[in-house]
Amino acid sequence: MDKIVFLDFNGVMMCGKHPFPSKHHEGFEFYPKSVENLKEIIQATKAKIVVTSTYRKMYAPEQLKTRFFKPYGLEEAFKGITSSLGSRGEEIKHYIEKHDIQHFVIIDDLPINGFGRHFLRTNGFEGISDWIKKEAILILGGQFPENFT
C-alpha cells in the first residue's frame, strides 16, 4: 500500500529563505533544507510524491520528474500529480479515493481544510522544517534512523 506525500512547490520547496532562480526549471531553486528534509521523509517512510502544485498544470508528469525532481535526486520518489478539479482539497480527496490511499501527508503553505493532522502547513519562508519532517514521518508510520535529528 502506497504512502503518499502530497507536495506543493511555492512556499514548500521554493521558499522565501532561498530566492535564487533555478538553472533546471521555472521558478526558484528548491531550498536545500526542504530537499534534505523531504529526502529524510521519503527514506524513513518509503513514501512517494504526488504533486499538488500549480506547476502540474504547466508540465507533463514526465517533465516534472526530470526537471523538478531529478536535479535534486528525488526522481525515484515521484509518483504523479493530482487532477485539476477545483480546489486543492477536492483534488487531493479525489486522488485518495481513486487510489485507495490510507497513509498520506499534505505539505503546503496555504490552508487546506478537512484533513486533520494529515495536513502540515509550512510558513512559506522556511519550507519543510525539521518539525514538519518529524510530524510527516510519524503520520506515515516511518522508522527514525539512529542518527535522526
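Has the range 71-89 got at least one residue that is of a type in the set (Asp, Glu) and under 20 Å from Ile132 (Cα atoms)?
no
Just for the range 18-43: of the residues that are within 27 Å of Leu140 (Cα to Cα) and more than 11 Å from the chain's Cα centre (by Cα), which one is modelled with the lowest pLDDT?
Per the criteria, the residue is Glu29.
(1) among the charged types (D, E, K, R); (2) under 23 Å from Tyr31 (Cα atoms); (3) without any contact (Cβ under 8 Å) to a residue 12 or more places away in the chain: which one isn't true of Arg56, the others all being true?
Of everything listed in (1) among the charged types (D, E, K, R); (2) under 23 Å from Tyr31 (Cα atoms); (3) without any contact (Cβ under 8 Å) to a residue 12 or more places away in the chain, Arg56 misses just condition (3).
Can you tell me how many residues in the range 22-36 are assigned to a helix (DSSP H, G or I) and surrounded by fewer than 23 Cβ atoms within 10 Å (Cβ to Cβ)?
Within the range 22-36, the subset assigned to a helix (DSSP H, G or I) is 32-36.
Now narrow it down to the ones that are surrounded by fewer than 23 Cβ atoms within 10 Å (Cβ to Cβ): 32-33, 35-36.
Matching residues across the range 22-36 total 4.
Would you confirm, using the coordinates I've provided, whether Lys98 is under 23 Å from Ser129 (Cβ atoms) and among the basic types (Lys, Arg)?
Details: under 23 Å from Ser129 (Cβ atoms): no; among the basic types (Lys, Arg): yes.
Spelling it out, it is not the case that Lys98 is under 23 Å from Ser129 (Cβ atoms) and among the basic types (Lys, Arg).
Could you list, in sequence order, the residues of the range 126-140 that are touching a helix residue (DSSP H, G or I) at 6+ places or on another chain (Cβ under 9 Å) and farther than 18 Å from Phe104 by Cβ?
Matches in the range 126-140: Glu126, Gly127, Ser129, Asp130.
The values are calculated or read from the model by the stated rules, or taken from the named source; none is laboratory data. Note that the structure is predicted; figures quoted are calculated from it, not measured. Note that each Cβ is placed from the backbone with ideal geometry, even for glycine, and that neighbours are counted across all protein chains shown.
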